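To start, the structure itself, in structure tokens.
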Amino acid sequence: MKKINAYIKPHKLNDVTQALKKVKRLRGMSVVEAKGFGRKDEDDRSHPLVDDLMDFARYSKIEIFCHDDLAGELVSIIDKNAYTGLRGDGKIYVSEVDSALKIGRGRII
């Protein structure tokens, strides 16, 4: 099982959601509004750290748990539909999930 965390620009959330809803094997997703900052690399001194800490960018965080064979397709859909071509489009992280249980049933999903 995989966990996908995608941080995208809030105005792209509807596009991404509509595209993901077309995937019949997708069981669901969660969305959380988030704020954060990032820089290209440690040598980028175009604006000081203090400015970054006070001026967070807004993002929508999408969280999806899926079977291993579906992760690539979902990542591709998110990447395509969240892309604007501008700096700060976001990030997608994929990680392994060891186990998942349904609450109250105690059975592995």
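Brief remarks follow.
- On the principal axes of its alpha carbon atoms, the chain extends 51, 28, 22 Å, with the longest extent given first.
- Most to least packed among 87-99, 1-13 [average Cβ atoms within 10 Å]: 1-13, 87-99
- MRE, 222 nm, helices only [DSSP H, n ≥ 4, -39500 (n - 2.57), over the chain, to nearest 500]: -8000 deg cm²/dmol
- Beta bridges per DSSP with both ends in the chain, % antiparallel, nearest 5: 100
- R0 of 30 Å, Cβ-Cβ distance ASN5-ILE108: FRET efficiency to nearest 0.05: 0.85
- Helix 68-82 axis, angle to the chain major axis (alpha carbon atoms, nearest 10°): 40
Values quoted throughout were computed directly from the atomic coordinates according to the rules given, and no laboratory measurement underlies them. Every value quoted in this text rests on a predicted model; they were computed, and no experiment measured them. Note: ideal-geometry Cβ built from the backbone for every residue, glycine included; neighbour counts use all protein chains shown.
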